[in-house]
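Working notes, beginning with the structure itself.
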Amino acid sequence: MTRRPARIAPSVLSADLGHLAEQIKELEAGGADWVHIDVMDGNFVPNLTFGAPLIKALRKLTELPLDVHLMVQRPEQYIAEYAALGANVFTFHPEATIHVQRQLAAIRDAGMQAGLALNPATPLSAIEEVIPDLDLVLVMSVSPGFGGQSYIPSATGKIARIRRLLDEAGSSAVLEVDGGVTVKTIGAAYRAGADTFVAGTAVFGAARIDGAIRLLKASCSDAAIA
Ligand code: DX5
Ligand code: ZN
């Protein structure tokens with residue numbers, strides 16, 4: 001089975017926001033595929049980050065798809081606004097709203113790709129009934145809230161189970177992994193069936209942003225032939 005080439009979505013949570021324009025240029029030069037934006041409300045997760053103003057600024061800085069990950073209570077309150085600002089992917093946590101299927105449909109109606117994020121303790125049953133409504137599943141390989149955490153090894157088995165679930169359902173949803181993705185962990189996640197990888201520290205903490213992205217992609221190609 002030919003594999004989708006690995007897609008890298010650097011998380012700007014780890015970027016130097018004082019030099020964002022330059023860092024986005026370096027991301028593009030390094031072959032980044034998406035820009036991952038971690039919106040946190042200090043309520044659903046213990047950290048408070050950014051929202052609409054940063055999405056607006058990033059839309060002006062790059063043509064790359066904006067992959068918005070909402071770690072907020074009641075994410076539905078942001079669907080129309082983020083769509084209008086040019087967000088491309090809108091991913092939320094099922095625990096954060098009452099009517100999950102309704103919000104997935106609303107995200108698609110607003111012209112964005114609809115994604116659900118599964119925390120380490122959230123079972124696959126959270127997505128089983130809404131696979132036709134999903135364009136993306138985000139597997140959290142850390143507990144959400146902060147960059148720079150270590151990859152939780154059990155995420156690899158969960159990726160493989162979700163891969164099987166999506167394949168059996170004939171779904172073409174993106175399978176994205178988020179948290180602690182480095183050259184040491186990306187290979188196993190790619191082999192398990194993920195195709196898109198968020199990387200914050202591994203990219204923005206590296207000596208060279210462009211080189212770090214190339215290294216992450218190369219680690220997937222190596223894993224594919226191993
Ligand atoms: C964590 C965020 C992740 C995080 C990734 O709650 O959803 O996107 O920024 O950062 P690293 O790659 O450093 O774990
Ligand atoms: Zn994220």
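Things to note:
- Qualifying residue in segment 42-49 (condition: more than 16 Å from ligand 2 (Cβ to nearest atom) and surrounded by fewer than 21 Cβ atoms within 10 Å (Cβ to Cβ)): yes
- Test: residue in segment 195-207 that is modelled with pLDDT of 95 or more, more than 21 Å from Tyr82 (Cβ to Cβ), open to solvent by 10 Å² or more (accessible area, probe 1.4 Å) and among the charged types (D, E, K, R): no
- Only a single item in (1) open to solvent by 40 Å² or more (accessible area, probe 1.4 Å); (2) assigned to a helix (DSSP H, G or I) is not met by Ala106, and it is number (1).
- Residue ID - nearest to ligand 1 (Cβ to nearest atom), chosen from residues in segment 163-180 that are under 18 Å from Pro5 (Cα atoms) and open to solvent by less than 20 Å² (accessible area, probe 1.4 Å): Asp178
- Annotation for segment 144-156: no member residue is under 14 Å from the mean Cα position of the chain (by Cα), over 20 Å from Arg3 (Cβ atoms) and of a type in the set (S, T, N, Q).
- In summary, helices (runs of 4 or more DSSP H) completely within segment 170-226 and bearing 3 or more residues that are farther than 25 Å from Ala114 by Cα, away from ligand 2 (no atom under 15 Å from the Cβ) and touching a residue at least 24 places away in the same chain (Cβ under 8 Å) occur at 209-225.
- Unique match (being within 20 Å of Ala52 (Cα to Cα), touching a residue at least 24 places away in the same chain (Cβ under 8 Å) and surrounded by 14 or more Cβ atoms within 10 Å (Cβ to Cβ)) among Ala160, Ala155, Ala87: Ala87
- Of all positions in segment 15-22, none carries a residue that is closer than 25 Å to Leu216 by Cβ and touching a strand residue (DSSP E or B) at 6+ places or on another chain (Cβ under 7 Å).
The rows are residues; the columns are (1) more than 23 Å from Gly211 (Cβ to Cβ); (2) out of contact with any Asp or Glu (no Cβ under 6 Å at 6 or more places or on another chain); (3) within 12 Å of ligand 1 (Cβ to nearest atom).
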| residue | (1), (2), (3) |
| --- | --- |
| Pro5 | no, yes, no |
| Ala29 | no, no, no |
| Asp33 | no, yes, no |
| Lys60 | yes, yes, no |
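- Answer residue from segment 118-152, given it is touching a residue at least 24 places away in the same chain (Cβ under 8 Å) and hydroxyl-bearing (Ser, Thr, Tyr) and is farthest from ligand 1 (Cβ to nearest atom) among those: Thr122
- Search result, residues across segment 5-24 that are surrounded by 15 or more Cβ atoms within 10 Å (Cβ to Cβ) and farther than 16 Å from Gly200 by Cβ: Ala6
- A single member of Pro123, Pro144 is touching a His at 6+ places or on another chain (Cβ under 8 Å) and either in a helix (DSSP H, G or I) or within 28 Å of Ala110 (Cα to Cα) (or both), and it is Pro144.
The values are calculated or read from the model by the stated rules, or taken from the named source; none is laboratory data. Just so we're clear, the structure is a prediction, and the values are computed from it rather than from any experiment. We place every Cβ from the backbone using ideal geometry, glycine too, and count neighbours over all the protein chains shown. To get the accessible areas, we keep the full protein, side chains included, count just its heavy atoms, and leave off ligands, DNA and RNA. Shrake-Rupley method; radii C 1.70, N 1.55, O 1.52, S 1.80 Å.
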